[in-house]
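Engineer: Here it is, the structure in full.
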Amino acid sequence: MAFLEGGKGREPMNEFTLEQLETIIAERGRSADAASWTAKLFSAGIEKASQKLGEEAVETVIAAVGGDREALIGESADLLYHWLVVLALSGVSLSDVLSELERRTKQSGVAEKAGRERSGRP
């Protein structure tokens with residue numbers, strides 16, 4: 001990933017996790033490294049990071065609808081990265097999101113969605 005600076009010369013990771021990416025984003029976001037895209041996004045704030053997340057989401061959909069597997073892989077990586085940046089800037093951890101997903105799996109998707117609609121959540 002081009003935006004994950006410093007990867008040159010390292011062995012490829014066989015089991016890279018979103019938790020590892022979350023940690024890298026937090027570290028680089030707090031840095032003052034002018035060459036770091038992550039630091040620039042953190043500095044620009046939640047509005048810019050959210051805009052980038054939206055752009056990546058659209059690009060991911062376009063790749064999926066177009067049946068372009070390689071573009072879908074690349075855009076999905078961009079989407080996950082920018083999503084984690086937005087979460088970090090918002091003070092929400094990946095663990096928080098995974099806990100919510102776990103809670104939702106304890107009931108059927110139809111029942112879970114109906115409960116959200118009754119409570120006014122999207």
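Engineer: From the list Thr105, Thr38, exactly one residue is free of Cβ contacts under 8 Å to residues at least 60 places away in the same chain, more than 19 Å from the chain's Cα centre (by Cα) and under 21 Å from Thr17 (Cβ atoms). Which is it?
Structural biologist: Being free of Cβ contacts under 8 Å to residues at least 60 places away in the same chain, more than 19 Å from the chain's Cα centre (by Cα) and under 21 Å from Thr17 (Cβ atoms) holds for just one of Thr105, Thr38, which is Thr105.
Engineer: Right, next: Just the residues that are farther than 12 Å from Leu89 by Cα and either touching a residue at least 12 places away in the same chain (Cβ under 8 Å) or not polar (S, T, N, Q) (or both), please, taken from the range 41-61.
Structural biologist: Hits for the range 41-61 are Lys52, Leu53, Gly54, Glu55, Glu56, Ala57, Val58, Glu59, Thr60, Val61.
Engineer: Quick one: which residue in Ala77, Ala64 is in contact (Cβ under 8 Å) with a residue 60 or more places away in the chain and either among the basic types (Lys, Arg) or assigned by TED's automatic domain parsing to the domain that holds Glu27 (or both)?
Structural biologist: Step by step, each of Ala77, Ala64 is checked, and only Ala77 is in contact (Cβ under 8 Å) with a residue 60 or more places away in the chain and either among the basic types (Lys, Arg) or assigned by TED's automatic domain parsing to the domain that holds Glu27 (or both).
Engineer: Based on this model, can you work out whether Ser90 counts as closer than 29 Å to Thr38 by Cα and either touching a residue at least 60 places away in the same chain (Cβ under 8 Å) or hydroxyl-bearing (Ser, Thr, Tyr) (or both)?
Structural biologist: Here the answer is yes, as Ser90 does meet what is asked.
Engineer: Being in contact with a His (Cβ under 8 Å, 6 or more places away or on another chain) and within 20 Å of Glu22 (Cβ to Cβ) narrows it down to one of Leu79, Leu53, so name that one.
Structural biologist: Result of the check over Leu79, Leu53: Leu53.
Engineer: Let me ask another. Looking at the range 38-122, what helices (runs of 4 or more DSSP H) fall wholly within it and have at least 3 residues that are at pLDDT 95 or above, in contact with a helix residue (DSSP H, G or I) (Cβ under 7 Å, 6 or more places away or on another chain) and surrounded by 15 or more Cβ atoms within 10 Å (Cβ to Cβ)?
Structural biologist: 46-65, 69-90
The values are calculated or read from the model by the stated rules, or taken from the named source; none is laboratory data. Predicted model only: the values in this text are computed from it and were never measured. Backbone-built Cβ (ideal geometry, glycine too); neighbour counts: all protein chains shown.
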